[in-house]
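First comes the structure, then the notes that go with it.
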Amino acid sequence: MSNSYRTTISSNTGANGPRTGAVLAAIGLAASFLYVRARSRQAERDNPPQGKFVEVDGVRLHYLERGSGPTLVLLHGNGVYSKDFETSGLLQRAAEHYRVIAFDRPGFGYSERPRSTLWTPDRQAALLHRALERIGVESAIVAGHSWGTMVALAMGLQRPDAVRGLVLLSGYYYPSLRLDVATLTQPAVPIVGDLLRYTVLPLVARALWPGMAKRTFSPRPVDRRFDAFPVWMALRPKQLRAAAAETAVMIPAAAMLSKRYAELKVPAAIVAGTQDKIVDAGHNSERLSERLGASELQLMPGVGHMTHYADVEKIMAAIDTIAARVGEPVHARTPEAEALARASESGV
């Protein structure tokens with residue numbers, strides 16, 4: 001075999017290598033895209049919207065509404081949607097004595113999230129205030145979990161006339177260094193993020209889901225009720241983008257909000273797990289309680305981030321306590337709520 005012939009073969013082989021790799025990568029991305037699309041559509045077929053829709057400023061929001069009585073608004077955390085309150089049992093328990101409205105925040109569940117808007121807690125709060133007005137709610141107690149607590153606080157700061165009181169569960173209130181900001185924001189990056197969240201990222205996230213759930217519930221085991229949460233609803237490309245965007249804005253949002261906490265005029269119940277591995281209770285909940293004059297702090301020993309799964313009755317006690325403080329009629333009050341109500345009536 002001549003040297004020139006061997007050189008030609010070597011040259012062609014070297015050229016075909018990258019070309020073959022590119023073709024295989026394209027096939028892999030196409031297969032991932034089709035699989036993710038199929039799983040996302042199946043998730044929506046299995047979990048169709050169970051609530052109502054309201055359109056505000058061109059944004060279509062989905063919300064669950066249950067029960068009757070004083071209005072209680074529930075705002076979920078990042079990565080999930082209103083279904084999380086149903087899975088935990090808090091929605092059903094609260095609906096025994098309250099008119100409960102649980103929103104899918106923008107981009108989560110079945111609510112829209114226009115890309116033209118930076119959805120800070122203040123932007124979401126303003127939108128939700130208008131949504132509540134549209135559905136005939138003049139005032140409400142607002143309860144938020146995790147990222148939802150920032151929206152709840154923004155609602156209380158914006159409209160103390162419309163927010164009767166706050167219940168803040170496992171909240172992030174002050175800026176701090178967080179590894180997830182560096183690792184979980186890729187789906188929000190234009191073009192590259194769009195490509196990844198429609199192909200490989202949902203598959204990676206699905207593989208990581210059990211570990212993330214374990215850390216979220218730690219030190220307790222993952223609650224069996226959470227097994228009913230529809231994982232692929234959270235892994236749909238549009239919800240991955242919303243979750244990544246909220247992770248990216250979390251630190252600056254807390255920094256901006258924390259400058260205004262002293263202005264808050266509504267009473268707040270602050271609940272946190274002492275062993276929360278997602279949000280440090282000391283840096284956040286205890287610190288916020290010291291800053292807010294009209295607040296009560298309840299720490300749950302041995303509990304992690306998912307306080308509403310750990311003890312629904314304690315969360316209900318916190319809600320009833322706020323309701324008693326603001327003069328809402330409460331049925332089956334806890335002893336603590338009854339004591340507060342009697343103290344209020346006697347002018348103490």
field: Test: LEU61 is farther than 21 Å from ASP227 by Cα, touching a residue at least 12 places away in the same chain (Cβ under 8 Å) and either within 19 Å of the chain's Cα centre (by Cα) or not in a loop (DSSP other than H, G, I, E, B) (or both)
entry: yes
- request: May I ask you to say which residue of ARG236, ARG224 is farther than 16 Å from ARG123 by Cβ and free of Cβ contacts under 8 Å to residues at least 60 places away in the same chain?
  value: ARG224
- prompt: Is one or more of the residues making up segment 126-134 over 19 Å from ARG164 (Cβ atoms) and among the hydrophobic types (A, V, I, L, M, F, W, C)?
  reply: yes
message: So in segment 268-280, with the set limited to residues that are buried (at least 23 other Cβ atoms within 10 Å of the Cβ) and assigned to a loop (DSSP other than H, G, I, E, B), which one is farthest from the chain's Cα centre (by Cα)?
response: ASP276
query: Out of (1) part of a loop (DSSP other than H, G, I, E, B); (2) open to solvent by less than 60 Å² (accessible area, probe 1.4 Å), the odd one out for ALA254 is which?
result: (1)
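Would you confirm, using the coordinates I've provided, whether LYS265 is basic (Lys, Arg), more than 25 Å from PRO202 (Cβ to Cβ) and either crowded, with 18+ Cβ neighbours inside 10 Å or at pLDDT 95 or above (or both)? Quick ask: steps written out before the conclusion?
Details: basic (Lys, Arg): yes; more than 25 Å from PRO202 (Cβ to Cβ): yes; either crowded, with 18+ Cβ neighbours inside 10 Å or at pLDDT 95 or above (or both): no.
Criteria not met by LYS265.
Being under 18 Å from ALA43 (Cα atoms), open to solvent by 20 Å² or more (accessible area, probe 1.4 Å) and part of a helix (DSSP H, G or I) is the filter here; which residues of segment 193-204 pass it? If you could, list the steps in order and put the result at the bottom.
So in segment 193-204, the residues under 18 Å from ALA43 (Cα atoms) come out as 197-204.
Restricting the remaining residues to those that are open to solvent by 20 Å² or more (accessible area, probe 1.4 Å) gives 198, 200-201, 203-204.
Scanning segment 193-204 gives LEU201, LEU203, VAL204.
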task: For segment 300-312, enumerate the residues that are surrounded by fewer than 18 Cβ atoms within 10 Å (Cβ to Cβ), without any contact (Cβ under 8 Å) to a residue 40 or more places away in the chain and farther than 19 Å from PHE229 by Cβ.
output: PRO301
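Looking only at residues in segment 282-296 that are part of a loop (DSSP other than H, G, I, E, B) and in contact (Cβ under 8 Å) with a residue 24 or more places away in the chain, which one is surrounded by the fewest Cβ atoms within 10 Å (Cβ to Cβ)? Working first, answer last.
In the first step, residues of segment 282-296 are kept if they are part of a loop (DSSP other than H, G, I, E, B); the result is 292-294.
Then keep just the ones that are in contact (Cβ under 8 Å) with a residue 24 or more places away in the chain; that gives 292, 294.
On the way: LEU292: 21, ALA294: 12.
By that ranking, first place goes to ALA294.
The values are calculated or read from the model by the stated rules, or taken from the named source; none is laboratory data. Everything quoted here is computed from the prediction, not taken from an experiment. Here the Cβ is made from the backbone with ideal geometry for all residues, glycine too, and neighbour counts use every protein chain on show. Just the protein is used for accessible areas: all its heavy atoms, side chains included, with ligands, DNA and RNA removed. Shrake-Rupley method; radii C 1.70, N 1.55, O 1.52, S 1.80 Å.
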